[in-house]
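A short worksheet on the structure shown next.
The values are calculated or read from the model by the stated rules, or taken from the named source; none is laboratory data. Bear in mind the structure is a predicted one, so any value in this text is a computation, not a measurement. Glycine gets a Cβ as well: all are built from the backbone with ideal geometry, and neighbour counts include every protein chain shown.
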C-alpha cells in the first residue's frame, strides 16, 4: 500500500469500523447490565443473552470484514489465492470458536 492513506481506502472500511465499535459498545453495555442484574440476586432470562450474543457476532463479522480488506482485497490478484485460503481458514476458526462459546453458554443456563 503506497501513496496517501486517503487514496487507498476501501468503501466498506468506514461502515465496518462503525459497526464494529457500535457493537462493541453494545456488548460492553449489555455485559455491565447483565452483571448488575445478576449481582442483585435476580435470575437472568435467556432472552437477554441474545443481546451480547448478537453484538459479539457483529464484532466478529466486522473484524473479519476489515481483516479481509486489509489482507485479501489489498493484495490484488498476484497472491490472492493463498491469502484467500488462509483468510478462510482463520475466519472459519474464529467463527467456530464463537459458535462453541455461545453453545456452551446456552447449555450452561439453568432450565
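Can we say residue 28 is surrounded by 15 or more Cβ atoms within 10 Å (Cβ to Cβ) and modelled with pLDDT of 95 or more? Lay out the reasoning, then the answer.
Details: surrounded by 15 or more Cβ atoms within 10 Å (Cβ to Cβ): no; modelled with pLDDT of 95 or more: yes.
Spelling it out, it is not the case that residue 28 is surrounded by 15 or more Cβ atoms within 10 Å (Cβ to Cβ) and modelled with pLDDT of 95 or more.
Pairing residues of the range 95-111 that are surrounded by 11 or more Cβ atoms within 10 Å (Cβ to Cβ) with residues that are modelled with pLDDT of 85 or more, at Cβ distances under 7 Å and at least 6 apart in sequence or on separate chains, gives 95/60; 98/56; 98/57; 98/60; 102/53; 105/49.
Kindly evaluate residue 3 against the criterion of being over 30 Å from residue 108 (Cα atoms), assigned to a loop (DSSP other than H, G, I, E, B), out of contact with any helix residue (DSSP H, G or I) (no Cβ under 7 Å at 6 or more places or on another chain) and modelled with pLDDT under 80. It is true that residue 3 is over 30 Å from residue 108 (Cα atoms), assigned to a loop (DSSP other than H, G, I, E, B), out of contact with any helix residue (DSSP H, G or I) (no Cβ under 7 Å at 6 or more places or on another chain) and modelled with pLDDT under 80. For residue 56, the conditions (1) out of contact with any helix residue (DSSP H, G or I) (no Cβ under 9 Å at 6 or more places or on another chain); (2) surrounded by 17 or more Cβ atoms within 10 Å (Cβ to Cβ) are fulfilled apart from (1). Going by the conditions given, is residue 79 exposed (fewer than 13 other Cβ atoms within 10 Å of the Cβ) and either at pLDDT 95 or above or closer than 25 Å to residue 102 by Cβ (or both)? Judged against the criteria, residue 79 is not a match. Only residues that are closer than 21 Å to residue 13 by Cβ and not in a helix (DSSP H, G or I) were counted in the range 75-111, giving 4.
In the set 72, 59, which member is part of a helix (DSSP H, G or I), out of contact with any strand residue (DSSP E or B) (no Cβ under 6 Å at 6 or more places or on another chain) and at pLDDT 95 or above?
Details: 72 fails: at pLDDT 95 or above.
After ruling out the rest, the residue left standing is 59.
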